[in-house]
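Written out below as structure tokens is the structure these notes cover.
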Amino acid sequence: MKHRIGFNALSRKSAERKALKRNMVTSLFRYERIETTKAKALEIRRMAEKMITRAKVDSVHTRRMVGRDIKDEAILAKLFTQIAPLFVDRNGGYTRILKTGNRLGDAAQMVILELVVKTEKPKKKEAKKEAKKESSKEDKTASEETESVSEEAK
């Protein structure tokens, strides 16, 4: 039975699994998007989301805690200065998994693991309202010009 098995061992010894996760999380923060198998992505997602949650509070302690797994100082600084501030108002769900199909060699399910970055786009309704306001302003100015021209002619 598989009771109380809390993680996927990924068919690796503990040291190999730890190194794999550290390297893949570092790559995720470096490139903000990686392609891997579904099983690895699910394990990496757990680790990455915990790191981002810790990085939202920038202190010596949290830098050391996250620094245990991210050995590259530049990536560690990027996590605390660029990535974590994007998610300050978000309570989890910092990554997304997009399915891409099966790998040709062994038919393993491949996915893209990426950071969710919120982009500021005006909503469709708001954009339509703004366009209507602008067009109505243009119509008013055009009608005022014709009225002033007709009054001058009188």
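In what sequence do T100, T53 fall when counting other Cβ within 10 Å, fewest first?
T100, T53
Of all the Cα-Cα pairs you can form in the range 14-115, what percent are over 18 Å apart?
Everything past 18 Å amounts to 46 percent.
Rank the residues L104, L10, L115 as a footprinting-exposure proxy: fewest other Cβ atoms within 10 Å of their Cβ go first.
Fewest-to-most ranking of L104, L10, L115: L104, L10, L115.
What order do you get for Y31, Y94 when you list them from fewest to most C-beta neighbours inside 10 Å?
Neighbour counts put them in this order, fewest first: Y31, Y94.
Bear in mind that the values in this text are calculations on the coordinates, not laboratory data. Not measured: the values here are computed from a predicted model. Here Cβ is always computed from backbone atoms with ideal geometry, including for glycine, and neighbour counts include all displayed protein chains.
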